[in-house]
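One structure is given below, encoded as structure tokens.
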Amino acid sequence: MKNFTLSIATVLALSTFAVASEDIPAVGSKSGFYIGGAYSLVNSEMSVHHDYGYIEGNDYDYYDSYEVDTNAYMLQAGYQFNQYIAIEGRYWNAMDAQKNSYSRYTNGELDYSNDYSDGDWSAWGIYVKPMYPVTETFSVYALLGYGNVSIKDEWYDDDTSLLDENVFQWGIGASYSITENTSFFIDYVRLCKDEGDTYVDGGYDYNTYDLDITIDTVNIGLSYKF
């Protein structure tokens, strides 16, 4: 999944130089509101480190590694000022249970691994969207903004969040105009890159853990401009 998303980002970035011409038409110059929706592939890579060495008689050092794949839907709404700039809001929500690959390392050695499905996932973001019209029907764009990611773990209960973070988000994508008002788009968005945060679960010192997490999405959808 990681190689796939990075490849998409690279291809979209290079497409600007591969297709651009000297005379750039005013594609997408019409301002106005737009809405859209997309199918999203979500990949999360997370590590949780528990060090119980400070408890008397306990020398355990746990390192849990998760890789989570989720199918989600994405809803968007925005306003395009001209052919070069827009603002956009997005909301993601999981369509099914997370497909998790889990491994536990104890004192540096693999102790346990398993695949399972559980949990819930959602995210939102608000972005500045710079755009560049490459041809009459094709444009590339970036997304720069701020949003929230929430992951709930059903191992505890429906109200327990394994992650609930407000973070910087960014993305890169391409759009193709099917009609004057309808466009097909594909993009890559990094929703979260958070390292070294320390959490206390339940208010108990022995439940302190360090969390590193990266969440990426690939979104394929349609948008309609009014």
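The values are calculated or read from the model by the stated rules, or taken from the named source; none is laboratory data. Everything numeric in this text was worked out from a predicted model, so none of it was measured. Cβ placement follows ideal geometry from the backbone for every residue including glycine, while neighbour counts extend to all protein chains displayed. What goes into the accessible areas is simple: the full protein's heavy atoms, side chains included, and nothing from ligands, DNA or RNA. Shrake-Rupley method; radii C 1.70, N 1.55, O 1.52, S 1.80 Å.
Here are a few things to note about the model shown:
- Among the candidates Tyr176, Tyr188, Tyr224, residue that is at pLDDT 95 or above, within 23 Å of Met95 (Cα to Cα) and open to solvent by 50 Å² or more (accessible area, probe 1.4 Å): Tyr224
Matching residues to (1) acidic (Asp, Glu); (2) at pLDDT 50 or above:
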| residue | (1), (2) |
| --- | --- |
| Met1 | no, yes |
| Thr5 | no, no |
| Pro25 | no, no |
| Tyr52 | no, yes |
| Asp59 | yes, yes |
| Asp64 | yes, yes |
| Ile85 | no, yes |
| Glu88 | yes, yes |
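Let's see how each residue does on (1) modelled with pLDDT of 90 or more; (2) over 21 Å from Tyr79 (Cβ atoms); (3) open to solvent by less than 20 Å² (accessible area, probe 1.4 Å); (4) more than 19 Å from the chain's Cα centre (by Cα):
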site: Ser122; (1), (2), (3), (4): no, yes, no, no
site: Ile126; (1), (2), (3), (4): yes, no, no, no
site: Thr135; (1), (2), (3), (4): yes, yes, no, yes
site: Tyr141; (1), (2), (3), (4): yes, no, yes, no
site: Gly147; (1), (2), (3), (4): yes, no, yes, no
site: Asp153; (1), (2), (3), (4): no, yes, yes, no
site: Asp157; (1), (2), (3), (4): no, yes, no, yes
site: Ile172; (1), (2), (3), (4): yes, no, no, no
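- Residues (of a type outside the set (A, V, I, L, M, F, W, C) and without any contact (Cβ under 8 Å) to a residue 40 or more places away in the chain) located in the stretch 166-179: Asn166, Tyr176, Thr179
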